[in-house]
């Protein structure tokens, strides 16, 4: 019996475990999670958006897996009674200077085969009456979902098929003995024929424990969120995004109606002082030392110092945050915002200071390491799992 070990009980790790039980029903599958629950970090702190695949380079893994994932995630949610809605979204240009970028997005979306349409200002207000723009792009296939419930369901399905999810099991070492991998954890050791590393914010560290030197380093960026006060939620019907800066993988602060009816505003993107640094007060000296000596981060900082300082100022000022939102919906004011939970994005940065802009999956003999899987990984998770399991190194694909 083949033994599979998946590190990480976020949405990608659980999707992989579930997929293995489907494609290799005779296998033994164990998911190792250092926390006491599923979706404790990136998955449990994201904006809940089912992305359509507008932003990604045609032919890239992100473009291919996101487009397929937006369909399979909706089908999964519908099939398992998970709250979701295909509500569409607007990407709005608020000045004439942004129009070339909006039209470039339109061309990219068409190249990715997506149902999109350029709208006039008047047409845009038909979707979002309070929005202000000179032109907008309507993306019909964007949706929202409860990704926490998706994780609970994936875990339950995997366990029903015979998999085990071990909580409180932090990976501390990986060794090879008698042609088998020994995964050392705080909850005891476990043998594995195949290891799949989906450790998110710690994926590069787990790779090093396995003897793999990652081609990029994970740097944590905190994304801070506000909510609109209940009496102001009527300002937003669905999803309203700005035109993003193509130099960055961050989409800019936006407004998102969640499946529970709340409206989230954000996220920004500031360098976190810990891999799990959900606030300025969360500081981890080891994490700081780890990225402070990384040349790739310094090269990135020199190249984009002004952008970084702008994000820090917005982090420290609710007024600045509100001003960014008011570019999209002018009626939003500082008094409309209530701070809520932040998230941390695991962003891979190459040694030359470039941001890795595609999913980064590295395979070695009987190992797979998912080393860059930020947004749209939640949307794409079922398809990422198919991709990984169908290409497992040293193990035959399912027929």
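A few comments on the model shown:
- Candidates 335, 48, 308, ranked by Gaussian network fluctuation over the chain, Cα under 10 Å, top entry: 335
- Modelled spin labels at residue 117 and residue 245, positioned 7 Å past Cα toward Cβ, are 3.3 nm from each other.
- Viscosity 1.002 mPa s, 20 °C: Kirkwood-radius Stokes-Einstein D of region 259-300 over Cα pairs, µm²/s: 174
- Ordering of 34-40, 216-222 by packing [mean C-beta count within 10 Å, highest first]: 216-222, 34-40
- Most fluctuating residue given options 256, 64, 310, as computed from a GNM of the chain linking Cα atoms under 10 Å: 310
- Fraction of beta bridges assigned by DSSP in the chain that are antiparallel (%, nearest 5): 70
- Among 188, 168, 113: highest mean-square fluctuation, GNM of the chain, C-alpha pairs under 10 Å: 188
- Extended-chain gain in nm, criterion 0.36 nm per residue less alpha-carbon gap, residue 125 and residue 326: 70.8 nm
- For region 22-127: relative contact order, % (alpha-carbon pairs under 8 angstrom, 6 or more apart): 26
- Helix 377-390 and the long axis of the chain differ in direction by around 30°, with both axes built from C-alpha atoms.
- Here region 249-318 is treated as a sphere whose radius is the Kirkwood value from Cα pairs; by Stokes-Einstein at 10 °C and 1.306 mPa s it diffuses with a coefficient of 114 µm²/s.
- Length-normalised contact order for the chain - Cα pairs under 8 Å, 6+ apart - percent: 23
- Extension gain from residue 306 to residue 175, taking 0.36 nm per residue of separation minus the Cα-Cα distance: 42.8 nm
- Residue-normalised convex hull volume from the C-alpha trace of region 311-399: 152 Å³ per residue.
- Taking all Cα pairs closer than 8 Å and separated by 6 or more residues, the relative contact order of region 191-329 comes to 21 percent.
- Cα-based helix-to-principal-axis angle, 61-79 vs the chain, degrees rounded to 10: 90
- Cα-based shape type of region 142-209, given that a ≥ b ≥ c are square roots of the gyration tensor eigenvalues and the cut on a/c is 1.5: prolate
- Relative to one another, the C-alpha centroids of region 61-117 and region 285-319 are positioned 29 Å apart.
- If the Kirkwood radius is taken over C-alpha pairs of region 163-264, then at 25 °C and 0.890 mPa s the Stokes-Einstein diffusion coefficient equals 139 µm²/s.
- Inter-probe distance in nm under a simple model that places probes 7 Å from Cα toward Cβ, at residue 184 and residue 101: 4.8
- Here the extension length gained between residue 80 and residue 213 equals 44.0 nm, from 0.36 nm per residue of separation less the Cα-Cα distance.
- Zone of residue 110's modelled label, taken as backbone nitrogen in region 58-81 under 16 Å from a point 7 Å along Cα→Cβ: 58
Each reported figure results from applying straightforward, stated rules to the coordinates on display, with no laboratory input. Only a predicted model underlies this, so the values are computations on that prediction, with no experimental measurement involved. We place every Cβ from the backbone using ideal geometry, glycine too, and count neighbours over all the protein chains shown.
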